[in-house]
Amino acid sequence: MGLATWQKINVEANSPYPVFLGVPLEELGEYLSSQIEEVEHILIITNQAVAELYSERLKQGLLDYRVNLLTVPAGEMEKSLERLSQLTTAALRCGVDRKTLVIALGGGVIGDLAGFFASVFMRGIRLIQVPTTLLAQVDSSIGGKVAVNHPAGKNILGSFYPPLAVWTDFTTLESLPWSEVENGLAESIKHALIADLDLFEFFENQEENIKQRNPSIWQEMVTRSSAVKVRTVSQDEQEHGVRALLNLGHSFGHALETEMNYHGVTHGQGVSIGIVAAAFLASAKGLMTLAEVDRIKHLLSIYGLPTTIKGQDPQALLQRMKTDKKNQGGRKILILPQGIGRTVISKDCTDSEILAAWIQVIS
Ligand code: NAD
Ligand code: GLY
């Protein structure tokens, strides 16, 4: 491959796969022809905006293959059974069969939708993840979770379906609007807080470079944050243990997003406020100091992420947490930071402790 700076980290799971970082879209074809056997037909699934930006670059390297490109509209709504069914009809028209390889080109929505499609089409066809948002590069493309939503909830219909490889071209992030960068930063800072104090300090020290999108600093940020995800899912692919730590901030964040009906708060903002609530709860349980809570709040806020929310009812938010997927036998299972760079699973948080944490983040 041409670029001297690319790296490869392996996910060591039931079906191991490489995560390539800093590789050009144009060179995926060369990798496929040298490493993946019996590919003649490729189906690229993406959305219209990403297709306009990046499909030509990707296709330049795929001249030896029969290639079809299917686009879906942008948005979380597209992770639906209806869209999956329409994709299936369109795929059959393109002659997709069991030997076809699917390339999911886009953010987490495309990764989840195209990945779920690949997992169920003719009982599973091959998949490569090509993430183009910060969130997708550091988080959703790694770990094999694929899903569509159901009116009853997000990601209700899904599976674990590891790709053959993740192909990450950092240059695709140049076109990402800052509002989308924030969603990825929330997850990247979460990774630092969970398992990498050095990465947390990197975020503290590189504020200007990160805000100015300095390419080498972004490369380091994505690489180090992806590495936390790779390490975690390699230990526990199917979330029987440590993978649950990746949900730090999400029980609070999801409750907030649901309570606000997904309006007025983005996922990254929900995670940010959720991390702060979890940190307050951790300090109440003696797992961290209030000075560390302040340090976390400061880091999130310098990147424009909120640490409080106005006008919410803490009791209603507590009620929302009753349906969290992690709960066991009516008991709330929460992920709490233990200082900075370590995290624990807590099964003994009382409703009054959780309520007190909510009150701390409602302004
Ligand atoms: P997204 O996929 O909706 O992308 C956000 C927006 O960015 C879209 O409008 C898209 O068109 C645009 N976009 C994508 N790449 C671009 C680029 N390079 N330049 C300019 N615009 C670009 O959002 P997301 O934050 O990437 O993903 C969120 C989804 O990921 C949610 O559905 C969530 O459930 C899922 N997710 C999955 C996992 C997992 O493990 N499978 C983990 C975290 C999140
Ligand atoms: N984003 C959480 C996970 O992949 O497990």
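When DSSP beta bridges are limited to those with both residues in the chain, what percentage is antiparallel, rounded to the nearest 5? Can you show the working numbers first?
Details: 15 of 38 bridges.
Given both bridge residues lie in the chain, the antiparallel proportion sits at roughly 40 percent.
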Report, ordered by chain and residue number, the lysines lying within cross-link reach of Lys326, taken as a straight Cα distance under 21 Å and ignoring same-chain residues fewer than 8 apart.
Lys145, Lys154, Lys190, Lys229, Lys285, Lys347
Under 21 Å between alpha carbons, and skipping anything fewer than 8 positions from Lys99 in its own chain: which lysines qualify?
Lys59
Ignoring any ligand, DNA or RNA, what whole percent of the accessible area of segment 1-75 comes from carbon and sulfur when the probe is 1.4 angstrom?
46 percent
Ignoring ligands, DNA and RNA, what percent of the accessible area of segment 130-189 is carbon or sulfur (1.4 Å)?
60 percent
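About the Cα centre of segment 24-107, what is the dipole size in debye to 20, counting +1 per Lys and Arg Cβ and -1 per Asp and Glu Cβ, all else neutral?
Charge dipole, segment 24-107, about its Cα centre: 300 debye, nearest 20.
Compute the accessible area per residue over the chain, keeping the other protein chains in place, probe 1.4 Å, unit Å².
With the other protein chains kept in place, the chain gives 42 Å² per residue.
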By its C-alpha gyration tensor, with a ≥ b ≥ c as the square roots of the eigenvalues, how is segment 1-51 shaped: rounded for a/c under 1.5, else prolate for a/b larger than b/c, else oblate?
rounded
With θ taken as phi - 60° and the coefficients 6.51, -1.76 and 1.60, list the Karplus ³J(HN,Hα) couplings across segment 232-238 in order, rounded to whole Hz; mark glycine and proline as x.
5, 6, 5, 6, 7, 4, 9
Which of the listed residues, Pro306, Ile335, Gly274, is farthest toward the dipole's positive end in segment 270-363, when Lys, Arg count +1 and Asp, Glu count -1 at the beta-carbon?
Ile335
Sorted by packing (mean other beta-carbon atoms within 10 Å per residue), highest first, where do 243-252, 256-265 land?
243-252, 256-265
Just order 41-47, 20-26, 100-106, 278-284 by mean Cβ neighbour count inside 10 Å, highest at the front, would you?
100-106, 278-284, 41-47, 20-26
Within the accessible area of segment 244-293, what % is carbon and sulfur when the probe is 1.4 Å and the other protein chains stay in place?
57 percent
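The values are calculated or read from the model by the stated rules, or taken from the named source; none is laboratory data. All figures in this text were calculated on a predicted structure; none of them were measured in a lab. In this analysis, Cβ positions are derived from the backbone assuming ideal geometry, glycine residues included, and neighbour counts consider all displayed protein chains. Please note that ligands, DNA and RNA were not included when accessible areas were found on the heavy atoms of the full protein model with its side chains. Shrake-Rupley method; radii C 1.70, N 1.55, O 1.52, S 1.80 Å.
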